[in-house]
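Asker: Can you keep this structure in mind? I'll have questions shortly.
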Amino acid sequence: MSISKRYVGAEGKEVHGMVWEELKEDLIFTCVEARSIDEVFDQLGGALVRAGYGRDDYVQALKDREGEYPTGLNVNGIGIAIPHTPVDYANGTATCIGVLKEPVTFLGMGTDEEVPVKLVFTLCVTDPHAHIDQLKQIVLIIQDGEVLQRLIGSKDPKEIIQIIKDKEQALEFALGGDRKSTRLNSSHNQRTRM
């Protein structure tokens with residue numbers, strides 16, 4: 001088990017470190033063969049359950065939530081999905097990544113638009129507030145078209161972790177090397193605006 005950085009932000013809530021620090025090779029799958037959202041969730045959500053992060057009803061909860069709140073995103077012409085469940089279905093925090101062999105149609109987040117998804121980040125979260133920061137970090141990573149192309153072209157879990165690590169370190173450098181305080185300030189500012 002790797003130790004990752006944890007920070008306490010405004011309001012005493014835990015803020016997670018970088019996405020790459022949380023990734024585990026055995027939860028990254030390339031060339032996933034699936035013909036439907038259910039098959040994607042059976043494979044990726046099932047991996048989280050088998051690894052002990054999701055409860056036995058986690059996969060069904062993914063399917064139910066996706067039906068109510070679709071997670072498809074069209075980013076630079078590539079379909080991404082970031083499904084997750086309420087925290088009640090998680091035993092631990094982890095991210096399972098799947099690069100689909102062929103795109104699977106998801107509905108767009110906040111729209112009825114169909115999105116042919118090629119890359120899925122399945123989140124299992126225990127803190128209802130920390131997953132928002134994690135979603136933001138993932139979106140920052142995938143907004144880079146070159147990084148996105150490299151992720152969907154990779155056939156190696158280690159390489160996927162390295163691509164994400166390199167991007168996050170570049171983002172940290174671009175933020176002046178003080179990502180922790182920048183993230184804490186943006187989290188605090190967003191909470192005060194709500």
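The values are calculated or read from the model by the stated rules, or taken from the named source; none is laboratory data. Quantities reported herein were computed from a predicted structural model and do not represent experimental measurements. Quick reminder, even Gly has a Cβ in these numbers, built from the backbone with ideal geometry, and neighbours come from all protein chains shown. Ligands, DNA and RNA are excluded from the accessible area calculation, which covers all protein heavy atoms including side chains. Shrake-Rupley method; radii C 1.70, N 1.55, O 1.52, S 1.80 Å.
Asker: Of the numbered conditions (1) touching a helix residue (DSSP H, G or I) at 6+ places or on another chain (Cβ under 7 Å); (2) closer than 26 Å to residue 148 by Cβ; (3) surrounded by 19 or more Cβ atoms within 10 Å (Cβ to Cβ), residue 73 satisfies every one except a single condition; which is it?
Answerer: That leaves (1) as the condition not met.
Asker: To continue, here is another question. Counting just the residues of the range 157-174 that are farther than 18 Å from residue 100 by Cβ and touching a helix residue (DSSP H, G or I) at 6+ places or on another chain (Cβ under 7 Å), which one comes out most open to solvent (accessible area, probe 1.4 Å)? Let's see the steps before the verdict.
Answerer: Let us first name the residues in the range 157-174 that are farther than 18 Å from residue 100 by Cβ, namely 158, 161-162, 165-174.
Filter once more, keeping what is touching a helix residue (DSSP H, G or I) at 6+ places or on another chain (Cβ under 7 Å): 158, 161, 165, 167-168, 171-172.
On the way: 158: 124, 161: 28, 165: 54, 167: 37, 168: 1, 171: 35, 172: 55 Å².
Going through the qualifying residues, I end up with 158.
Asker: Follow-up. Given (1) in contact with a helix residue (DSSP H, G or I) (Cβ under 6 Å, 6 or more places away or on another chain); (2) closer than 21 Å to residue 145 by Cα; (3) not hydroxyl-bearing (Ser, Thr, Tyr), where does residue 81 come up short, assuming only one miss?
Answerer: Every condition holds for residue 81 apart from (1).
One line per residue, one yes/no per condition, for (1) among the hydrophobic types (A, V, I, L, M, F, W, C); (2) at pLDDT 95 or above; (3) more than 21 Å from residue 158 (Cα to Cα):
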| site | (1), (2), (3) |
| --- | --- |
| 4 | no, no, no |
| 9 | no, no, yes |
| 15 | yes, no, yes |
| 23 | yes, no, no |
| 27 | yes, yes, no |
| 44 | yes, yes, no |
| 49 | yes, yes, yes |
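Asker: Something else now. Looking only at the range 101-111, decide whether some residue is surrounded by fewer than 22 Cβ atoms within 10 Å (Cβ to Cβ) and either among the acidic types (Asp, Glu) or within 20 Å of residue 26 (Cα to Cα) (or both). Full working, then the answer.
Answerer: So the first thing to find is which residues in the range 101-111 are surrounded by fewer than 22 Cβ atoms within 10 Å (Cβ to Cβ), and the list is 101-103, 105, 107-111.
Remaining after also requiring either among the acidic types (Asp, Glu) or within 20 Å of residue 26 (Cα to Cα) (or both): 101-102.
Looking for residues that are surrounded by fewer than 22 Cβ atoms within 10 Å (Cβ to Cβ) and either among the acidic types (Asp, Glu) or within 20 Å of residue 26 (Cα to Cα) (or both), one finds at least one in the range 101-111, hence yes.
Asker: Which members of the range 117-140 meet the condition of being among the β-branched types (Val, Ile, Thr) and either crowded, with 22+ Cβ neighbours inside 10 Å or not in a helix (DSSP H, G or I) (or both)? Reasoning before the result, please.
Answerer: Within the range 117-140, the first condition is being among the β-branched types (Val, Ile, Thr), and the residues that meet it are 117, 120, 122, 125-126, 132, 138-139.
Those that are among the β-branched types (Val, Ile, Thr) and either crowded, with 22+ Cβ neighbours inside 10 Å or not in a helix (DSSP H, G or I) (or both): 117, 120, 122, 125, 126.
Asker: Any idea how many residues of the range 41-52 are within 13 Å of residue 92 (Cβ to Cβ) and crowded, with 24+ Cβ neighbours inside 10 Å?
Answerer: Qualifying residue count for the region: 1.
Asker: When the range 124-133 is examined, which residues are found to be over 22 Å from residue 60 (Cα atoms) and either touching a helix residue (DSSP H, G or I) at 6+ places or on another chain (Cβ under 8 Å) or modelled with pLDDT of 90 or more (or both)?
Answerer: 133 - this is the single residue of the range 124-133 that is over 22 Å from residue 60 (Cα atoms) and either touching a helix residue (DSSP H, G or I) at 6+ places or on another chain (Cβ under 8 Å) or modelled with pLDDT of 90 or more (or both).
Asker: Which pairs turn up if I take residues in the range 106-120 that are under 11 Å from residue 75 (Cβ atoms) and look for partners that are buried (at least 22 other Cβ atoms within 10 Å of the Cβ) and aromatic (Phe, Trp, Tyr) with beta carbon separation below 7 Å, at least 6 apart in sequence or on another chain?
Answerer: Here the result reads 115/106; 117/106, each pair linking the range 106-120 to a residue that is buried (at least 22 other Cβ atoms within 10 Å of the Cβ) and aromatic (Phe, Trp, Tyr).
Asker: While we're looking at this one, here's another question. Take residue 59 and tell me if it is open to solvent by less than 40 Å² (accessible area, probe 1.4 Å) and under 19 Å from residue 107 (Cβ atoms).
Answerer: Details: open to solvent by less than 40 Å² (accessible area, probe 1.4 Å): yes; under 19 Å from residue 107 (Cβ atoms): yes.
When the stated conditions are applied, residue 59 passes them.
Asker: Now, a different point. What's the number of the only condition in (1) farther than 22 Å from residue 171 by Cβ; (2) part of a strand (DSSP E or B); (3) touching a His at 6+ places or on another chain (Cβ under 8 Å) that residue 98 fails to meet?
Answerer: Unmet condition: (3).
Asker: Looking only at the range 141-174, how many residues end up being under 17 Å from residue 76 (Cα atoms) and outside any helix (DSSP H, G or I)?
Answerer: So the answer is 2.
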